[in-house]
1. Restricting to strands (runs of 3 or more DSSP E) lying wholly in the stretch 292-377: which have 2 or more residues that are at pLDDT 95 or above, aliphatic (A, V, I, L, M) and surrounded by 18 or more Cβ atoms within 10 Å (Cβ to Cβ)?
2. Quick test for you: out of E425, E383, E445, E440, pick the one residue that is of a type in the set (D, E) and in contact with a helix residue (DSSP H, G or I) (Cβ under 8 Å, 6 or more places away or on another chain).
3. If you go through the stretch 278-285 one residue at a time, do you hit one that is in contact with an Asp or Glu (Cβ under 8 Å, 6 or more places away or on another chain), modelled with pLDDT of 90 or more and closer than 30 Å to Y391 by Cβ?
4. With the condition being surrounded by 24 or more Cβ atoms within 10 Å (Cβ to Cβ), I'd like the strands (runs of 3 or more DSSP E) fully within the stretch 386-471 carrying at least 2 qualifying residues.
5. I'd like the full set of residues that are closer than 18 Å to I430 by Cα and either assigned by TED's automatic domain parsing to the domain that holds R418 or modelled with pLDDT of 95 or more (or both), limited to the stretch 228-255.
6. V410: assigned by TED's automatic domain parsing to the domain that holds R328 and closer than 30 Å to A230 by Cβ, yes or no?
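The values are calculated or read from the model by the stated rules, or taken from the named source; none is laboratory data. Note that the structure is a prediction, hence the values are computed from the model and not measured. Every residue, glycine among them, receives a Cβ derived from its backbone with ideal geometry; neighbour counts consider all protein chains shown.
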Amino acid sequence: MRRWKYFFRGRLFPCVLLFALMLAGTFALALLLPRLLAPVALAERVFSFVTALAVVAERDLPERKIAKLFLLFFPWVGAALCLLFRSGRNVPSAAAKTGPSGEGAFPRIEALSEATHGIGGHHVRDVTYFSVGREMYERLLTDLRCAQRRIYLEYYIIARGVFWGDVLELLKARAEAGVDVRVIYDDFGCALTLPEHYYRELAGFGIRAACFRRLRPGRGFSHRDHRKLAVIDDVAYVGGINLADEYIGEKLRFGHWKDTAVRIAGTDAFTELLLRTWYALNPSDGLPKGENFQPRGEIPLIPLSDGEANGARIFPEVLLTLCAHAKRKLWLCTPYLSLPYDMVAALSAAARAGVDVRILIPHIPDKRSVFLLTRAYGRVLEEAGVSVREYTPGFLHAKSAVVDGELSLVSSCNLDFRSLYIQAECGAVIADMPLAQSLERDFLETWRQSAPLPKASAVRRGLERALMLFAPLA
């Protein structure tokens with residue numbers, strides 16, 4: 001009931017209403033004004049032609065351009081959708097710089113440092129892997145209680161309930177104690193879970209908050225802040241877990257909700273990452289309070305961040321580099337699977353070279369059309385020798401990879417066009433064998449609870465292949 005209230009009273013309803021009125025107006029013109037059909041049709045063709053020129057001129061992936069051009073077959077509405085799907089921030093992925101792989105994880109993390117455009121590696125003190133959301137929730141609350149200098153949160157979804165309620169109470173207490181508390185949430189991700197202008201309510205508790213790209217009718221909605229990031233003093237949490245009850249088992253949605261995250265201690269890298277977003281939203285804000293922590297530790301790590309204005313996309317290059325450097329095993333988890341050609345080719349090439357490439361996806365979908373796409377790409381990869389299985393107990397939301405029991409990737413990035421090329425994402429590549437072994441054990445346990453892709457009828461395969469044309473827009 002709360003979701004419906006937020007929908008009708010919030011910022012999503014005007015956007016939907018505007019599109020519905022535009023659609024109704026198109027049909028009204030076609031049915032009620034026959035004398036104007038010829039000039040209206042001419043205007044529509046001119047509008048579509050100008051839109052097509054704009055699409056062709058965009059700095060975007062060829063796959064996305066083709067998908068948007070096909071939308072122009074729909075009068076008026078297709079051209080409007082093309083404009084709504086514009087991103088303006090996409091930089092197509094260059095080929096990953098792979099070079100000789102050497103032995104062990106350390107040369108490979110150096111190659112990844114090249115692929116991430118000179119970000120360079122860090123050394124951290126400790127890493128802890130959480131195989132379910134409840135484990136992260138309990139440790140996160142403990143760290144929040146002990147925060148002394150800063151608590152910075154950046155999440156795609158924050159939903160009122162047990163999880164956010166417990167976090168919010170601790171944020172209030174720490175803010176009252178003088179801790180620098182800041183919250184960033186995405187307006188689209190929270191459109192049905194938080195009231196409009198929620199940042200004002202948080203300000204009343206002494207919590208500075210910012211809303212990422214507020215929804216407005218006619219404004220492009222593709223570029224969102226999809227990160228799941230918490231920074232508490234010199235500790236960071238990254239992964240796929242949002243601040244909502246389904247992630248910790250308090251609410252049942254789509255069966256068992258399987259998600260993962262990692263706690264990283266002893267680095268300031270994620271503080272800098274989050275503050276870049278904060279100052280982009282609050283350019284007049286002052287500098288944060290408290291001292292900077294000097295990284296201390298022995299565990300090599302590369303922090304990953306995508307989505308800054310005019311920045312090259314890092315996650316596609318990282319994934320291509322992992323494919324190129326895997327020698328024995330490359331195991332991945334993702335809730336959504338729709339990949340550009342170069343990534344399909346890289347996974348296929350690794351499988352043909354004898355690498356054990358496996359991908360885990362959900363069995364119970366949260367979005368039916370995207371689930372059809374995920375199965376379609378799964379079948380394509382299976383034909384190339386990649387093993388794909390579905391997590392039968394429910395919805396798999398983890399976004400992780402493990403390579404040869406040495407390198408681990410934990411992030412907010414799905415294996416789909418939207419995460420790889422449009423949205424703001426974050427994560428980390430970590431060269432720590434105990435962590436990689438934890439991911440491998442969890443992957444194998446999840447694999448045992450999974451089943452092969454079901455056989456599809458000719459009609460279903462045809463529908464899946466048709467949807468693949470529009471995968472870059474899903």
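1. 329-333, 356-362
2. E425
3. Taking every residue of the stretch 278-285 in turn, none turns out to be in contact with an Asp or Glu (Cβ under 8 Å, 6 or more places away or on another chain), modelled with pLDDT of 90 or more and closer than 30 Å to Y391 by Cβ.
4. Passing ranges, in order: 400-403, 407-411, 425-431.
5. K228, L229, A230, V231, V235, A236, Y237, V238, G239, G240
6. yes
Results for (1) touching a helix residue (DSSP H, G or I) at 6+ places or on another chain (Cβ under 8 Å); (2) of a type outside the set (A, V, I, L, M); (3) modelled with pLDDT of 95 or more, shown as yes or no for each residue.
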residue: E138; (1), (2), (3): no, yes, yes
residue: D143; (1), (2), (3): no, yes, yes
residue: A147; (1), (2), (3): yes, no, yes
residue: Y155; (1), (2), (3): no, yes, yes
residue: L170; (1), (2), (3): yes, no, yes
residue: V179; (1), (2), (3): no, no, yes
residue: C190; (1), (2), (3): yes, yes, no
residue: A203; (1), (2), (3): no, no, yes
